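A quick write-up on the structure given underneath.
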Amino acid sequence: MIVDVQSLNAYSGNWEDNDEAVAMKELFLGSAEEIVSDYLRYSPVLGLHADIVLSGNGTGRLQLPSRPVRSLERMEIDGCTMDVALFRLDDDRITAIRRMVFPRGDGNIVVSYTSGWKAEEMPNAIRVAILRIATLMLSETDGNIGLTGKSFADNSRTFVNYSNYRKYLEPLAGFRVTGF
């Protein structure tokens, strides 16, 4: 998991720690991570993506379905294994070095690569989005509608949150893969 229960406790102020509460918090964190991954269109957790089938586009760049690309493990074009040293890695692309192009074709390129962030490198915006969504889920337990309150010097206010996560996801737009 990207965010642990202790971080959710600190963020939400909910320190319940019985087995049932911890299991529910882990469920909310897992769900929030899935919502963020669905929005990004990839899992931000560092991992190997093996044998991803792509279609050549006739250019020297190939868009990958996740980011940031850390290493290229293997590439096969039209059934021929390529030397991975012939390619440069960008944030979410592979670029051919020697004026080579990825030949047009349908499913003619197979790549294995590693992408994502290590836990300690995970962008804070992704962590906070997960915490905000999981905290909203936590506030909705037992039939609540996500009410929160805040006391100010002059009066008190009540805030109502609904299960529309868009406002929590919009700050992550810069991390999305949009060209795939």
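The values are calculated or read from the model by the stated rules, or taken from the named source; none is laboratory data. Every value quoted in this text rests on a predicted model; they were computed, and no experiment measured them. FYI the Cβ positions are ideal-geometry reconstructions off the backbone, even for glycines, and counts take in every protein chain you see. Side chains are part of the model used for accessible areas, which takes the heavy atoms of the whole protein and leaves out ligands, DNA and RNA. Shrake-Rupley method; radii C 1.70, N 1.55, O 1.52, S 1.80 Å.
Quick one: helix 19-40 against the long Cα principal axis of the chain, what's the angle to the nearest 10°, folded into 0 to 90?
Taking Cα atoms only, the helix is inclined about 40 degrees.
Would you grab the residues whose amide H sits under 5 Å from the one on MET82? Only those 5+ places off in sequence or on another chain, please, with H modelled 1.01 Å from N.
Hits under the 5 Å cutoff: MET75, GLU76, ILE77.
Can you send over the carbon and sulfur percentage of the accessible area for the chain, probe radius 1.4 Å, protein chains only? Don't skip to the end; give the middle numbers.
Values: 5130 of 10360 Å².
The computed percentage sits at 49.
Please calculate the 1.4 Å probe accessible area of LYS167, with all protein chains present, and give it to the nearest 10 Å².
Roughly 110 Å² of LYS167 is accessible to a 1.4 Å probe.
Output the relative contact order of the range 1-121, whole-number percent, from Cα pairs under 8 angstrom with separation of 6+ residues.
Details: 204 pairs, mean separation 38.4, N = 121.
Result for the range 1-121 is 32 percent.
R0 = 30 Å: FRET efficiency of ASP90 with ALA119, Cβ-based, nearest 0.05? Can you show the working numbers first?
Values: r = 23 Å, r/R0 = 0.78.
With R0 = 30 Å, the Cβ-Cβ based efficiency is 0.80.
Counting only heavy atoms of protein chains, what accessible area per residue, in Å², does the chain have with a probe of 1.4 Å? Intermediate values should be presented prior to the final figure.
Details: 10360 Å² over 180 residues.
Computed with neighbouring chains in place, this is 58 Å² per residue.
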